[in-house]
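**Q** Quick one: this structure, given as structure tokens, is what I'll be asking you about.
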Amino acid sequence: MTREEKAKPLYQIVAESISAQVRSGQLEPNQRLPSESELCQEYSVGRNTVRHAISELVNDGILRTVPGVGTFVVDTRLDKTAEYLFGFSQEMQFLGKEITSQVVDATIIPADAFLSRRLQIQLGAEVVFLNRVRQMDGEPTAIERSYLPHELCPGILEYDFSEKSLYETLSTVYDKRLDHAEQVIEASLATPEVSELLGLTPPAVVFVFRRETRMASGQVVEYVDSELRADRFRFYTNLRLFSTPEEFAFRRLPLKVAS
């Protein structure tokens, strides 16, 4: 035990240890904590100390106690829609979160073969590349790498996207009305670079997004690939039952713009 820890009350040391396990993912959302007697043995403290620590964490919203059942880790992940098309800033503000952005890179690059296919533009055409770390209530939460045909939004990098919304700028300044998108979501281990940018301790899981956003005409306005912290989000959608495989194949719908 360090000198600093010796100066703290025992219940606070126990509470900070459990809280650190929750933050690191060692204790997962909705996971049941060990019994009081097991915690007493683990931390070499008395039952009153464990109860005081748990009470503090319950008051902080980290744990919840179910009488006669046990103490559980609170699931603090946000519900994120997988059905409607929102900008990240817009959707998180709806949930009462303060969103800020750190611009990692903002430049014009030539379209390679991959971007040429994704954006439906000529090989070598100018592409706006905007790479941002999105912060929610001051915590790095997502990385977004957006690619846009420069001819659709000339001069867009003159705007400060550490403060402005990309989708709002496309709509209000360039009159590009986003209508629908096709999106793929996967779970993956964060790369060392992503872990560093998001403040994660490897190995850590992230949700990987790849999305093509289009106008009503079908023209691609943006291709984006991004990573979101899996310990901060879970996804929901409305499900529909299809009666036959053929109906599923022909009636799959893209993401819809929220009204």
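**Q** I'd like the full set of residues that are touching an Asp or Glu at 6+ places or on another chain (Cβ under 9 Å) and farther than 16 Å from Pro29 by Cβ, limited to segment 52-74.
**A** Listed by number, the residues that qualify are Ala53, Ile54.
**Q** If I filter segment 150-191 down to residues being under 13 Å from Gln219 (Cβ atoms) and of a type in the set (A, V, I, L, M, F, W, C), which single residue comes out as surrounded by the most Cβ atoms within 10 Å (Cβ to Cβ)?
**A** Per the stated criteria, the residue is Leu170.
**Q** Follow-up. So which residues in segment 14-52 are surrounded by 18 or more Cβ atoms within 10 Å (Cβ to Cβ) and over 16 Å from Leu63 (Cβ atoms), if there are any at all?
**A** Selection gives Cys40 alone.
**Q** Next up: Looking at segment 131-147, is at least one residue within 29 Å of Phe233 (Cα to Cα) and assigned to a loop (DSSP other than H, G, I, E, B)? Step through it out loud before you land on a result.
**A** First pass over segment 131-147, keeping only residues within 29 Å of Phe233 (Cα to Cα): 131-147.
Now restrict to residues that are assigned to a loop (DSSP other than H, G, I, E, B): 137-138.
Looking through segment 131-147, at least one residue is within 29 Å of Phe233 (Cα to Cα) and assigned to a loop (DSSP other than H, G, I, E, B).
**Q** Continuing with this model, one more query. For segment 184-216, enumerate the residues that are modelled with pLDDT under 90, part of a loop (DSSP other than H, G, I, E, B) and under 23 Å from Tyr147 (Cβ atoms).
**A** Passing the criteria: only Ala216.
**Q** Okay, next question. Can you name the number of the only condition in (1) closer than 22 Å to Val128 by Cβ; (2) surrounded by 15 or more Cβ atoms within 10 Å (Cβ to Cβ); (3) within 17 Å of the chain's Cα centre (by Cα); (4) charged (D, E, K, R) that Arg229 fails?
**A** If we test Arg229 against (1) closer than 22 Å to Val128 by Cβ; (2) surrounded by 15 or more Cβ atoms within 10 Å (Cβ to Cβ); (3) within 17 Å of the chain's Cα centre (by Cα); (4) charged (D, E, K, R), just (1) comes out false.
**Q** If you scan segment 139-198, which residues turn out to be closer than 21 Å to Asp112 by Cβ and more than 17 Å from the chain's Cα centre (by Cα)?
**A** Tyr147, Leu148, Pro149, His150, Glu151, Leu152, Cys153, Pro154, Ile156, Leu157, Glu182
**Q** Another one. Report, by residue number, each residue of segment 107-130 that is assigned to a strand (DSSP E or B) and closer than 13 Å to Tyr223 by Cβ.
**A** Within segment 107-130, Ile109, Val127, Val128, Phe129, Leu130 qualify.
The values are calculated or read from the model by the stated rules, or taken from the named source; none is laboratory data. Since this is a predicted model, take the numbers as computed values, not measurements. For neighbour counting, all protein chains shown are included, and Cβ atoms are generated from backbone atoms with ideal geometry for every residue, glycine included.
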